[in-house]
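Colleague: So that we are looking at the same thing, I have put the structure below in structure tokens.
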């Protein structure tokens, strides 16, 4: 009887590990796929405008005009974490939640984090 119980426990553990692995693979496949609603086309007159993603694909900035939204990757999608506006000051650009922000071509820098522009 003990052998059957041990075998049953091993099978349950293997099934659980398999499901966890499958979920992890699915999460990695979906991670970085950006919903069309989050895609903002760049504006040649506004270097901030667009959709920006960090190299790990965990964080996303979506900037439309001078209004931005910061997203964090959750279980299977990007979830809104903060909303802000971009304002120009004497020392550069700052968001309404006091993050320093700048753009250099297709690179967005928010505080010390770097994001790359995402194009459709």
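Colleague: Could you tell me whether region 3-25 includes any residue that is at pLDDT below 90, on the phi < 0 side of the Ramachandran plot and surrounded by 12 or more Cβ atoms within 10 Å (Cβ to Cβ)?
Modeller: Yes, region 3-25 has at least one match.
Colleague: So, residue 71, is that one modelled with pLDDT under 95, under 20 Å from residue 117 (Cα atoms), surrounded by 12 or more Cβ atoms within 10 Å (Cβ to Cβ) and in contact with a helix residue (DSSP H, G or I) (Cβ under 9 Å, 6 or more places away or on another chain) or not?
Modeller: Criteria not met by residue 71.
Colleague: Looking only at region 49-68, decide whether some residue is modelled with pLDDT of 95 or more and over 19 Å from residue 119 (Cβ atoms).
Modeller: yes
The values are calculated or read from the model by the stated rules, or taken from the named source; none is laboratory data. Given the structure is predicted, the values throughout are model-derived calculations rather than measurements. A quick note on method: Cβ atoms are made from the backbone with ideal geometry, for glycine too, and the neighbour counts reach across all protein chains shown.
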